[in-house]
Amino acid sequence: MKITRVEPFILHVPVTGSQIADSTHSITHWGVVGARIDTDAGLSGYGFTGTHAHLPGDQLITRCIATCHAPLLLGEDPREVQKLWHKLARNPALQWIGRAGITTLSQAAIDVALWDLKAKAQEVPLWQLLGGPVREQVRAYNTDIGWLSIDDERLVQGARAAVEQGFTGIKIKVGSTVERDLRRLALVRAAIGPDVTLAVDGNGKWDLATCLRFCRGAEAQDVYWFEEPLWYDDVKGHAQLARASRIPVALGEQLYTQDAFSEFFHQQAIHWVQPDVTRMGGLTEVLRVCEAAASWRLPVAPHAGDMSQVHVHLSYAHPACQVLEYIPWIKDCFTDPAEVGEGFFRRPALPGAGTTPTPQAWDRFRQPVA
Ligand SMILES: O=C(NO)[C@H](O)[C@H](O)[C@H](O)CO
Ligand SMILES: [Mg+2]
């Protein structure tokens, strides 16, 4: 099988309620920035990275796909995923301009498209290609009810509704003021009861002193994990927080390489590992991180930069994965949506990686790739 064409694409898909915010970002659409890879066997694979739908930035990624990565792929066998991952990631000219950033987001779209092709060629869902299911169910936790843009009353209503729908895990955003965030945390804990896991996510906003103050007040609410409490690259700060607080530290959605995770492992600065195929140059590097997490006996909760379209396959197939984020913004854009029923992700049925857009989504949400 040979790669005959690589076509970049951009979809901008509205978020729930037309606008959401965390401590750092406020967005109206999710950017699905990807590549369709065609082959001489008549199969096409799709992969994408996730952005905040900033079109000029998305077009930088698609230009990287079209002019830097695509020429390295034409004529290659798409099933040789490891070889092609290294060919792109270690291309001297591209490595020189970006070992982490736009080049890895561009490569993420391509690597996932290759895994999609590989699974389609074997006519199996990706979880089967990865070794088959290691669990009967993949537990979901709902992030989409916990945005900072949601007022207290609707926050409590949404949390209750999620529990009524069967969710056994919830995550709410923090990073506004400690007082406001502790108040909201207590309201949600009171609303959902003691048995639903309740995580918080700061998206890297606060400094260590603020995190310590928040954690002192939050410990009474049995917080499942404190996600991205500090700046993404601050390994020593996370290590200090992990030692000073009894709330587990989670991070990873902003890390690009296995080496970045390795530093957090070695400094014991992480309890929950949250890699993301849309940031790490694809599934190939995320699999390395899952193996490393397993060797450190740390649980994995993949981040939903893909809105769990691909990570639901990973979570069924990799023993280190324990729970998966649910954000439903883009699921209906795909022929095999990442769906949750009674608190658990449905096991995907179709061949591939869950990344094939529907014709309706393709027509409705396409943006110009410049
Ligand atoms: O942190 C996250 N999940 O854990 C979300 O991906 C971000 O909040 C969204 O991208 C909006 O910025
Ligand atoms: Mg997060």
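Select, from Ala269, Ala338, Ala292, the only residue that is assigned to a loop (DSSP other than H, G, I, E, B), surrounded by fewer than 23 Cβ atoms within 10 Å (Cβ to Cβ) and in contact with a helix residue (DSSP H, G or I) (Cβ under 8 Å, 6 or more places away or on another chain). Every option except Ala269 fails the conditions. Scanning the range 113-139 for residues that are among the hydrophobic types (A, V, I, L, M, F, W, C) and within 21 Å of the chain's Cα centre (by Cα) gives Ala113, Leu114, Trp115, Leu117, Ala119, Leu126, Trp127, Leu129, Leu130, Val134, Val138. So, of the residues in the range 163-188 that are over 30 Å from Ala320 (Cα atoms), more than 15 Å from ligand 1 (Cβ to nearest atom) and not hydrophobic (A, V, I, L, M, F, W, C), which turns out to be surrounded by the most Cβ atoms within 10 Å (Cβ to Cβ)? Per the criteria, the residue is Arg184.
Per the conditions (1) part of a helix (DSSP H, G or I); (2) within 23 Å of Ser106 (Cα to Cα), the sole criterion not satisfied by Ala304 is (1).
You will find that of Ile110, Ile27, Ile20, the residue that is crowded, with 18+ Cβ neighbours inside 10 Å, within 21 Å of the chain's Cα centre (by Cα), within 24 Å of Leu255 (Cα to Cα) and free of Cβ contacts under 8 Å to residues at least 60 places away in the same chain is Ile27 and no other. Only one entry of Ala199, Ala162, Ala218 meets the criterion of being within 16 Å of ligand 2 (Cβ to nearest atom), in the same structural domain as Glu253 (by TED's automatic domain parsing) and within 30 Å of Phe261 (Cβ to Cβ), and that entry is Ala199.
Checked against the criterion of being more than 19 Å from the chain's Cα centre (by Cα) and in contact (Cβ under 8 Å) with a residue 60 or more places away in the chain, the candidates Ala361, Ala304, Ala353 yield just one match: Ala361. Hey, can you tell me all the residues within the range 312-322 that are more than 10 Å from Leu126 (Cβ to Cβ) and part of a helix (DSSP H, G or I)? Ser315 - this is the single residue of the range 312-322 that is more than 10 Å from Leu126 (Cβ to Cβ) and part of a helix (DSSP H, G or I). Based on what the data block shows, is Arg135 touching a residue at least 60 places away in the same chain (Cβ under 8 Å), closer than 25 Å to Pro328 by Cβ and part of a strand (DSSP E or B)? When the stated conditions are applied, Arg135 does not pass them.
Among the residues of the range 225-246, which ones are under 13 Å from Phe214 (Cα atoms), within 16 Å of ligand 1 (Cβ to nearest atom) and assigned to a loop (DSSP other than H, G, I, E, B)? Within the range 225-246, Pro229, Leu230 qualify. Taken over the range 1-32, the criterion of being among the acidic types (Asp, Glu) and away from ligand 2 (no atom under 14 Å from the Cβ) is satisfied by Glu7 alone.
If you go through the range 140-162 one residue at a time, do you hit one that is within 24 Å of the chain's Cα centre (by Cα), closer than 21 Å to Val273 by Cα, within 16 Å of ligand 1 (Cβ to nearest atom) and of a type in the set (A, V, I, L, M, F, W, C)? Yes; the residues of the range 140-162 include at least one that is within 24 Å of the chain's Cα centre (by Cα), closer than 21 Å to Val273 by Cα, within 16 Å of ligand 1 (Cβ to nearest atom) and of a type in the set (A, V, I, L, M, F, W, C).
I'd like to check something: does the range 36-47 contain any residue that is surrounded by 15 or more Cβ atoms within 10 Å (Cβ to Cβ), under 28 Å from Ala119 (Cβ atoms) and out of contact with any strand residue (DSSP E or B) (no Cβ under 8 Å at 6 or more places or on another chain)? So far as the range 36-47 goes, yes, one or more of its residues are surrounded by 15 or more Cβ atoms within 10 Å (Cβ to Cβ), under 28 Å from Ala119 (Cβ atoms) and out of contact with any strand residue (DSSP E or B) (no Cβ under 8 Å at 6 or more places or on another chain). Somewhere in the range 304-315, is a residue of a type in the set (Ser, Thr, Tyr), modelled with pLDDT of 95 or more, more than 15 Å from ligand 2 (Cβ to nearest atom) and surrounded by fewer than 24 Cβ atoms within 10 Å (Cβ to Cβ)? The answer is no, given that none of the residues of the range 304-315 is of a type in the set (Ser, Thr, Tyr), modelled with pLDDT of 95 or more, more than 15 Å from ligand 2 (Cβ to nearest atom) and surrounded by fewer than 24 Cβ atoms within 10 Å (Cβ to Cβ).
The values are calculated or read from the model by the stated rules, or taken from the named source; none is laboratory data. Only a predicted model underlies this, so the values are computations on that prediction, with no experimental measurement involved. All Cβ positions, glycine included, derive from the backbone under ideal geometry; neighbour counts span all protein chains shown.
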